[in-house]
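Bear in mind that the values in this text are calculations on the coordinates, not laboratory data. Predicted model only: the values in this text are computed from it and were never measured. Note: ideal-geometry Cβ built from the backbone for every residue, glycine included; neighbour counts use all protein chains shown.
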Amino acid sequence: MEITPSILTADFCRLGETLAEASASGINWFHMDVMDGNWVVNRTITFGPALIRSAREHLGTNAFIDCHLMITNAEETWDQYVDAGVDLVIAHIEAVDDFPTLITNLHDAGVQAGCVLNPSTPIEEVLPLLPDLDLVLVMSIIPGKGGQMFMPEIEGKVRAFRAAIDSQMSVGGRATKLMIDGGIKDHNASMVAEWGIDISVVGSGLINDRGTFSENLEAIRTALKT
Ligand code: DX5
Ligand code: ZN
């Protein structure tokens, strides 16, 4: 299972150093959490395309950058994130009226298309889109901030997506990636890997005041090997 860091708990004045340390630790996939002060329940604002553009310039062209859009108007503003240099746009099924058109627009613009669903949203809302999606993201917390408790009740949803993706791939369909986001730490990373997750977002489990980024990543990698 691949690990991608969320930078929400980082010191933004030292973000370049954090990104460099992550790259030096072998991280190649970076997860950017965009909140617009409106869509998430706690009305948080994080950052937008300008910071993502800086991260892209800092990381270079080889890094893979996704943006997780927790915003009201992804259908109208997705191109700002593409211009900023993301490789994959992940939009919430609950926030987009016409998801098939968004997928088409993203693919036409040359980037990957992802769909994310909240813990309470049924899998059936996303399954019809699966053949065209490059990634499905299952939220294991209510979106809005890092450092929340993992919600184990999403296990069935993860396993159902894994089965649907495996069956899609077995008939030559798209190899849609399965990602999880929220509350992943060294103590539960191997559990979600066993459920069939391909990529896990880790925020406060990597960027905290208990250890360096590399030490925290090593603890997760060690846990995944055991
Ligand atoms: C929250 C974000 C997550 C969050 C993860 O809405 O989507 O990416 O930063 O942070 P942790 O790993 O601390 O739950
Ligand atoms: Zn996220």
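Per residue, the average separation of C-alpha pairs within less than 8 Å and at least 6 apart gives segment 72-226 a relative contact order of 17 percent. For Arg162 and Thr72, a Förster radius of 30 Å and the Cβ-Cβ distance give a FRET efficiency of 0.50, rounded to the nearest 0.05. 222 nm [θ] for the chain, helices only, -39500 (n - 2.57) per DSSP H run of 4+, per residue, to 500? The per-residue figure over the chain is -10500 deg cm²/dmol.
Work out, step by step, the length gained on full extension between Glu153 and Ala20: first 0.36 nm times the residue separation, then minus their alpha carbon distance; give nm to one decimal.
Details: separation 133, 0.36 × 133 = 47.88 nm, distance 3.52 nm.
Here the segment from Glu153 to Ala20 would lengthen by 44.4 nm.
Kirkwood Rh, the chain, all Cα pairs: how many Å? It works out to 17.5 Å.
With charges only on Cβ, +1 for K and R and -1 for D and E, what is the dipole size of segment 176-222 about its Cα centre, in debye, rounded to 20?
Working: 4 positive and 7 negative charges, 10 e Å.
For this selection, approximately 40 debye.
Counting only the Cα atoms, segment 63-115 fills a convex hull of 64 Å³ per residue. Please go through segment 167-223 and write out the trypsin sites (Lys or Arg not before Pro) that DSSP classes as loop and that have at most 14 other C-beta atoms within 10 Å. Hits after loop and neighbour filter: Arg174, Arg210. Under 5 Å from the amide H of Trp29 lie the amide H atoms of Phe64, each residue being 5 or more positions distant or on a separate chain, with H modelled from the backbone and absent for Pro and chain starts.
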